[in-house]
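Any read-out appearing in this document is the output of simple, stated calculations on the displayed coordinates, not a laboratory observation. Not measured: the values here are computed from a predicted model. No Cβ is skipped: glycine too gets one built from the backbone with ideal geometry, and neighbour counts run over all protein chains shown.
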Amino acid sequence: MNTLQAFLIAVIEGLTEYLPVSSTAHMVFLSSYFGIQEDDFVKLFQVSIQFGAILAVVALYWKKFFDFSSKSVAINFYIKLICAVIPALVLGKLFDDKIEAVLGDPIPIAIVLILGGIILLFIDSRFQSPTVLQEEDITIKKAVTIGFWQCLAMMPGTSRSAASIIGGMQQGLTRHAAAEFSFFLAVPTMMAVTCYSVFLKTYETSQMKGYELILKSNENIQLFLIGNVVAFIVAIIAIKFFIEIIKKYGFKPWGWYRIIVGVFLLIYFSYLK
């Protein structure tokens with residue numbers, strides 16, 4: 001993987017991480033198209049650049065994360081995030097190997113992308129009477145339920161954002177509130193995945209920890225830094241863009257996008273590759 005390829009992967013990560021379109025599906029296609037060898041560092045890179053995307057949410061919503069003027073409100077906010085992320089932490093650890101195995105087969109990813117798109121076409125008409133208008137109105141029970149919905153994204157191609165947003169709307173949140181809570185929930189979820197991949201996980205081929213792979217060469221360090229900076233900048237733009245789109249048009253545009261991309265990937269990996 002060269003610098004240009006790392007840059008493009010980071011752009012895709014920043015663009016798609018918070019959109020309901022599956023960043024995994026896009027990165028799998030891009031890696032295949034450029035013929036990027038799926039070695040341990042590439043696998044680590046695709047996960048570790050989520051750190052830049054995480055910082056984008058914290059930067060955009062810094063008042064939500066660091067406003068301690070009302071301690072009870074701040075504590076309640078963090079308790080909800082902690083409770084909501086627990087299902088993903090437990091199930092993610094249990095199914096980590098199975099998830100990684102699916103990443104090697106793009107056909108199921110493309111199929112899930114299409115199925116998720118079909119669901120998004122009808123999500124707006126299905127939940128038309130929201131009762132929760134803002135994050136402060138989300139109960140811990142609702143937060144945990146959304147956390148379980150988020151676990152559907154363990155199947156690559158589902159989209160963590162799509163799963164948690166649908167879960168939020170099923171729990172009575174408005175489109176806007178569901179999208180924002182999905183962003184907030186992404187921070188502890190993705191931070192846990194990134195930290196595990198960088199500091200705890202031993203990669204099978206190299207038998208090295210993630211941070212050892214990063215520090216292995218100056219080139220790896222450079223790619224890691226470039227990837228996170230690019231993902232951070234692009235994610236900020238993507239989040240603002242996404243919020244405006246769902247306010248005006250809902251989720252149908254993303255549903256059609258998923259279906260079109262999914263069909264293309266299905267044809268590409270079945271016949272054209």
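Key figures for this structure:
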| read-out | value |
| --- | --- |
| Binned Cα-Cα distances of segment 3-272, short to long, each 10 Å bin given as a whole percent | 7, 30, 38, 20, 5, 0 |
| Charge sum, other residues only, whose C-beta stays under 11 Å from Glu135's C-beta, Lys/Arg counted +1 and Asp/Glu -1 | 0 |
| Listed peptides 21-28, 257-264 by packing density, highest first (mean Cβ within 10 Å) | 21-28, 257-264 |
| Dipole axis of segment 3-272 (+1 Lys, Arg; -1 Asp, Glu on Cβ), positive-most option in Phe95, Ile239, Thr16 | Ile239 |
| 15 Å tail of the calculated P(r), segment 205-271, as % of Cα pairs | 72 percent |
| Nonlocal amide H pairs with Val132, under 5 Å, H built at 1.01 Å | Leu173, Thr174 |
| Of Asn218, Asn228, Asn76, the one that fluctuates the most in a GNM where the chain has Cα springs shorter than 10 Å | Asn218 |
| Kyte-Doolittle mean at least -0.5, axial Cα span of 24 Å or more - DSSP H helices of the chain | 71-94, 106-126, 175-195, 218-249 |
| Check: segment 36-151 dipole with +1 on Lys, Arg Cβ and -1 on Asp, Glu Cβ, in debye | 560 debye |
| For Ala231, net neighbour charge (Lys/Arg +1, Asp/Glu -1) across residues whose Cβ lies under 11 Å away | -2 |
| Neighbour-limited loop hits for chymotrypsin sites (Phe, Trp or Tyr not before Pro), segment 83-182 (at most 16 other Cβ within 10 Å; DSSP other than H, G, I, E, B) | Phe95 |
| Normalised contact order of the chain, rounded percent, pairs of Cα under 8 Å and 6 or more residues apart | 37 percent |
| Ser69 paired with His176, simple spin-label distance in nm, labels 7 Å along Cα-to-beta-carbon | 1.9 nm |
| Simple label model, 7 Å out from Cα along Cβ direction - Leu4 to Tyr78, nm | 4.6 nm |
| Residue exposure sequence - Ser206, Ser129 - by fewest surrounding Cβ within 10 Å | Ser129, Ser206 |
| Rounded to the nearest 20 debye, dipole of segment 3-272 from Cβ charges on Lys, Arg, Asp, Glu | 780 debye |
| Estimated [θ] at 222 nm from DSSP helical runs (n ≥ 4, -39500 (n - 2.57)) normalised by residues in the chain, nearest 500 | -23500 deg cm²/dmol |
| Stretch gain in nm, segment Phe241-Leu215, where the contour uses 0.36 nm per residue and the Cα spacing is subtracted | 5.9 nm |
| Residue exposure sequence - Leu44, Leu266 - by fewest surrounding Cβ within 10 Å | Leu266, Leu44 |
| Exposure proxy ranking, count of Cβ atoms within 10 Å, fewest first, for Ser69, Ser161 | Ser69, Ser161 |
| Distance violations [Cα-Cα > 29 Å] among Lys80/Lys209; Lys64/Lys141; Lys63/Lys247; Lys93/Lys141; Lys142/Lys240; Lys80/Lys240 | Lys80/Lys209 |
| Cα-centred dipole magnitude for segment 1-71, charges only on beta-carbon of K, R (+1) and D, E (-1), debye, nearest 20 | 400 debye |
